[in-house]
Amino acid sequence: MPFPPLRWSLLLALLCLLAPGLSQGAGSKRSRAKSPRQFVSIPGGESLRRDAAKAFQRMHTAARRDSINLWAVSGYRTVREQRLLYRRYRQGLGPKAARPGRSNHQRGTAVDLIVGHEMSPIYRWLETHACRHGFRRTVASEPWHWEYLPRATRVPAPGTDCLGQPLPPRATPASASSDLS
Ligand SMILES: [Zn+2]
């Protein structure tokens, strides 16, 4: 038996109400699926936003050439992870952590590194070389916390390090080739 006209119009009205919700649902699924691809793994198993991860990888390789291993212990954090760290900090059970939404770890542009103290070879290397890769220390009380801020980080003049000191002479390709001959 065919639907009376009133039932059809009710059915159409119902479809119109549901349709925007359905398309919105599909859209949010797509945007959620995109977000993990913005973050890329870095040595140590953490991840950073794609551009920061590439810069970190270059810095890591440069450090290795100087026998320095940059070991990341915290990179990108989800809101949930930041919330947990912040709660632990507030309870006096963990190190200082920014309020959820205020940390550059959530943007994937901050990385915590094992540096030891401020006179350690790792810290000294970062202090003199990190700016070349767009990284800088941003929290006075946290020597381990480095952020990728390429626009706000001054690149040193040729032949000088991030502190403005002359770079030590490096082994040149010429001296390397003399080893081979
Ligand atoms: Zn940090």
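Some points to look at:
- From the options Arg154, Arg88, residue that is under 30 Å from Pro168 (Cα atoms) and surrounded by fewer than 16 Cβ atoms within 10 Å (Cβ to Cβ): Arg154
- Residues satisfying the stated conditions in segment 122-170, i.e. touching a strand residue (DSSP E or B) at 6+ places or on another chain (Cβ under 7 Å), hydroxyl-bearing (Ser, Thr, Tyr) and outside any strand (DSSP E or B): Thr138, Thr153
- Segment 42-77 - residue that is among the β-branched types (Val, Ile, Thr) and touching a residue at least 12 places away in the same chain (Cβ under 8 Å) and, of those, nearest to the ligand (Cβ to nearest atom): Val73
- Screening the candidates Gly134, Gly116 for the property of being surrounded by 10 or more Cβ atoms within 10 Å (Cβ to Cβ), of a type in the set (Gly, Ala, Ser) and at pLDDT 95 or above yields one hit, Gly134.
- Close Cβ contacts (under 6 Å, 6 or more residues apart or on different chains) running from residues in segment 94-120 that are within 18 Å of His133 (Cα to Cα) and more than 8 Å from the ligand (Cβ to nearest atom) to residues that are in a strand (DSSP E or B) and of a type in the set (Phe, Trp, Tyr) comprise Gly108/Phe39; Thr109/Tyr148.
- Screening Ala72, Ala110, Ala97 for residues that are buried (at least 19 other Cβ atoms within 10 Å of the Cβ), modelled with pLDDT under 95 and either under 21 Å from Ala140 (Cβ atoms) or not aliphatic (A, V, I, L, M) (or both) leaves exactly one candidate, Ala97.
- Test: residue in segment 85-99 that is in a helix (DSSP H, G or I), of a type outside the set (D, E, K, R) and in contact with a Pro (Cβ under 7 Å, 6 or more places away or on another chain): yes
- Output for segment 137-151, where each listed residue is within 10 Å of the ligand (Cβ to nearest atom) and either over 16 Å from the mean Cα position of the chain (by Cα) or loosely packed, with under 15 Cβ neighbours inside 10 Å (or both): Thr138, Val139, Glu142
- For segment 43-77, a residue qualifies if it is assigned to a helix (DSSP H, G or I), of a type in the set (Gly, Ala, Ser) and over 17 Å from His105 (Cα atoms), and the qualifying residues are Ala62, Ala63.
The values are calculated or read from the model by the stated rules, or taken from the named source; none is laboratory data. No experiment lies behind these values; they were computed from the predicted model shown. Quick reminder, even Gly has a Cβ in these numbers, built from the backbone with ideal geometry, and neighbours come from all protein chains shown.
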